[in-house]
Amino acid sequence: MSVTAKATDLAISGLTKAFGTSLAVDGLTLRIAAGELVALLGPSGCGKTTTLRMIAGLIEPTAGDVLIGGFRVTHVPVHRRNIGMLFQGSALFDSMTVEQNIMFPLDMFTTDDFSTKLKRVNEVLERVNMKDVNKKFPAEISGGMKKRVGIARAIVLNPKYLFCDEPNSGLDPLTSILIDKLIKEITTEYNITTVVNTHDMNSVMETGDHIIYMYDGLKEWEGSNKEIIFSKNKKLNDFIFASEFLQDAKDMRMLEMKGKIDNNRNMDELLK
Ligand SMILES: Nc1ncnc2c1ncn2[C@@H]1O[C@H](COP(=O)(O)OP(=O)(O)O)[C@@H](O)[C@H]1O
Ligand SMILES: [Mg+2]
């Protein structure tokens, strides 16, 4: 067997969700390999959150199937402890400390004693590069730190799947990139299968080996961050390269990749 061949771990077919007469998700079909990080990209209202919630088994599809590791999550009780979820806005419990927030899934799903749970809480806190924050409340930490705590809580049970809904919303560009990198590192390190919802183009350029672009409940385009540069899909281009500046950057990158201009050009020389 080739080393690059991977089992398809998440198979979604004809996934549909209607709210009243409108279709939030309209027959989405996609395959995600085990251990892969997928970016679900698209404008606000295109159906990303609804899709993620159906994949996580939090809401019932109107039609279609989600198969996770061979199990149909829409028809059998999902193995909740295998799924870690980072909700948009982190969704921490305001009245609980950081430590209590992260311990919550352990309280729910394990019978471990307090010191075992605390050890695990401290392990994941360290993994997301946070320390000395155990006794702080969510209101006392920054937006970026809240995301880290949200990630720590999502991975505390060692899940096989990690679903992140807009992990960058409300963060500055630098903090966003750090959070993206952290999610990518964790995916690889623990061999998790990860889906990240985003409308942030920096984010997909940084982490997107596998990007699914959604528009109006449909899969409009699928490919990698390298292919996105060459894509002729108008809806995708209008969204990703919305500004003239980014359109120019796309053109330059295409010329570089086609070998028309030197990748290592000396800008100081050229601008003399
Ligand atoms: N619980 C709901 N009831 C009614 N309409 C909803 C509900 N959730 C989402 N929608 C609608 O479904 C569409 C997709 O929403 P959503 O999945 O939240 O998109 P995104 O996450 O890409 O912004 C939107 O038009 C939204 O208004
Ligand atoms: Mg959303």
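Go ahead and run the numbers for FRET between ASP65 and ASN266, Cβ-Cβ distance against an R0 of 41 Å, rounding to 0.05. The partial results should precede the final answer.
Details: r = 54 Å, r/R0 = 1.33.
Using R0 = 41 Å, I get an efficiency of 0.15.
Evaluate the Debye formula for segment 123-195 with equal point scatterers sitting on the alpha carbons, no solvent, and hand back log10 of I(q)/I(0) at q = 0.15, 0.16, 0.25, 0.28 Å⁻¹, in q order, two decimals.
These q points yield log10 I(q)/I(0) values of -0.47, -0.54, -1.28, -1.48.
All other residues with a Cβ under 12 Å from the Cβ of VAL38 taken together, and with Lys, Arg as +1 and Asp, Glu as -1, what is their net charge?
Combined, the nearby Lys, Arg, Asp and Glu give 0.
Ordered by residue, what ³J(HN,Hα) values in Hz, to whole numbers, does segment 37-53 give under the Karplus form 6.51 cos²θ - 1.76 cosθ + 1.60, where θ = phi - 60° and Gly and Pro are x?
10, 10, 9, 9, 10, x, x, 4, x, 7, x, 5, 5, 4, 4, 4, 5
Which residue, chosen from SER115, LEU174, ILE211, occupies the Cα position most advanced towards the positive end of the dipole of the chain, where the dipole is computed from +1 (Lys, Arg) and -1 (Asp, Glu) charges on Cβ about the Cα centre?
Going by the Cα projections, it comes out as SER115.
Among the trypsin sites (Lys or Arg not before Pro) in segment 214-255, which ones are in a DSSP loop with at most 11 other Cβ atoms within 10 Å of the Cβ? Mind listing them?
On the way: sites: LYS219, LYS226, LYS232, LYS234, LYS235, LYS250, ARG253; in loops: LYS232.
Listed in order of number, the matching sites are LYS232.
Just add up the charged neighbours of MET257: K/R +1, D/E -1, any other residue whose Cβ is under 13 Å from the Cβ of MET257. Walk me through the intermediate numbers first.
Values: positive: LYS226, LYS250, ARG253, LYS258, LYS260; negative: GLU227, ASP251, GLU256, ASP262.
Net charge around MET257: +1.
Antiparallel as a % of all DSSP beta bridges within segment 154-272, to the nearest 5? Provide the component values of the computation, followed by the final result.
Values: 5 of 10 bridges.
Approximately 50 percent, going by the DSSP bridge assignments.
Give the residue from LEU246, LEU270, GLY144 lying farthest towards the positive end of the charge dipole for the chain; charges sit on Cβ (+1 for Lys and Arg, -1 for Asp and Glu) and the dipole is referred to the Cα centre.
Ranked along the dipole, the leading option is GLY144.
Between the alpha-carbon centers of segment 206-245 and segment 120-199, tell me the distance in whole angstrom.
Taking the Cα centre of each part, segment 206-245 and segment 120-199 sit 25 Å apart.
Between SER44 and GLU185, what's the calculated FRET efficiency when r is the beta-carbon distance and R0 is 30 Å? Round to 0.05. Each step should come with its number before you reach the end.
Values: r = 28 Å, r/R0 = 0.92.
The value I calculate is 0.60.
Just how large is the dipole of the chain about the Cα centre, in debye to the nearest 20, putting +1 at every Lys and Arg Cβ and -1 at every Asp and Glu Cβ? Write down the numbers at each step before the final one.
Values: 33 positive and 35 negative charges, 88 e Å.
Charge dipole of the chain: 420 debye, to the nearest 20.
Could you line up SER95, SER231 from fewest to most neighbouring Cβ atoms inside 10 Å? Don't jump to the answer; show the numbers that get you there.
Values: SER95 10, SER231 17.
Final ranking by Cβ density, sparse to dense: SER95, SER231.
Report the label-to-label distance for ASN202 and LEU246 in nanometres (one decimal), using points 7 Å from each Cα along the Cα→Cβ vector.
Reported label-point gap for ASN202 and LEU246 is 1.2 nm.
Long-range amide H contacts for LEU86: which residues qualify at under 5 Å (H placed 1.01 Å from N, peptide plane, sequence gap of 5 or more or a different chain)?
Counting only residues 5 or more places away or on other chains, the set is PHE163, CYS164, ASP165.
With labels modelled as points extended 7 Å from the Cα through the Cβ direction, what inter-label distance (nm, one decimal) is found for LYS135 paired with LEU178?
Using points 7 Å along Cα→Cβ, the separation is 2.4 nm.
Hey, could you get me the Stokes-Einstein D for segment 5-146, Kirkwood radius over alpha-carbon pairs, 37 °C and 0.692 mPa s, rounded to whole µm² s⁻¹?
The calculation lands on 188 µm²/s.
Before anything else, pin down the relative contact order of the chain: Cα pairs under 8 Å, at least 6 apart, normalised by residue count, whole percent. Walk me through the numbers on the way to the answer.
Working: 462 pairs, mean separation 63.9, N = 272.
Answer for the chain is 24 percent.
I'd like the trypsin sites (Lys or Arg not before Pro) in segment 117-164 restricted to DSSP loop residues with at most 16 other Cβ atoms within 10 Å, sorted by number.
Passing sites in segment 117-164 are LYS131, LYS135, LYS136.
What ratio of Cα Rg to 2.2 N^0.38 Å holds for the chain?
Details: Rg = 20.2 Å, N = 272, 2.2 N^0.38 = 18.5 Å.
Against the compact-globule rule of thumb, the ratio is 1.09.
Residue by residue, what Karplus-based ³J(HN,Hα) values in Hz, rounded to whole numbers, does segment 111-124 have, using 6.51, -1.76 and 1.60 with θ = phi - 60° and x for Gly and Pro?
10, 4, 7, 4, 5, 5, 5, 5, 4, 5, 4, 5, 4, 6
Throughout, read-outs are computed from the coordinates displayed, never taken from laboratory work. All values derive from a computational prediction rather than experimental measurement. Cβ sites come from the backbone with ideal geometry, for glycine too, and all protein chains shown count toward neighbours.
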